[in-house]
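Contents: one structure, followed by commentary.
Since every read-out is calculated from the coordinates, none of them should be taken as a lab result. Model, not experiment: these values are computed from the prediction. Every residue, glycine among them, receives a Cβ derived from its backbone with ideal geometry; neighbour counts consider all protein chains shown.
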Amino acid sequence: MHNARTPLPPGAIFSSLIPFLVFGLLLVVFSTYMLWRIFKKTGQHGALSLLVLIPGIGLYLVLAMLAFGKWPSKTEEEQYHMSHGVMPPTPATQGYPPQR
């Protein structure tokens, strides 16, 4: 008995991949749009979201910029404290307040 498989024509393989490619493209476009809006809310240029398109390291760059960058709410809080003569909050250190 002969179990030879006939190869699929290239068009059949490509046509079965089209839905996956379209879904992947829509996912990338929507993710980039969401990051664009997040960058705009942080007061930065939305085009920084395009860094996520760099293969391998782009997502890490974007996450680092969002995690360690200045956010407008923090800046406004610092300006409020400075304008009212209040020291910005600092982390507690050991031995503070002084023991009597």
- [ ] Can you tell me how much longer the chain between residue 75 and residue 6 gets when fully stretched, taken as 0.36 nm per residue apart minus their C-alpha distance, in nm with one decimal?
- [x] 18.2 nm
TODO: Would you kindly derive the ³J(HN,Hα) couplings of region 52-59 from the backbone phi angles with the Karplus curve 6.51 cos²θ - 1.76 cosθ + 1.60 (θ = phi - 60°), listing them in order in whole Hz, with x for Gly and Pro?
DONE: 5, 7, 6, x, x, 10, x, 4
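Please give me the summed charge of the neighbours of residue 47: other residues whose Cβ is under 14 Å from its Cβ, Lys and Arg +1, Asp and Glu -1. Kindly include the intermediate steps, with their values, before the conclusion.
Details: positive: 37, 40; negative: none.
Combined, the nearby Lys, Arg, Asp and Glu give +2.
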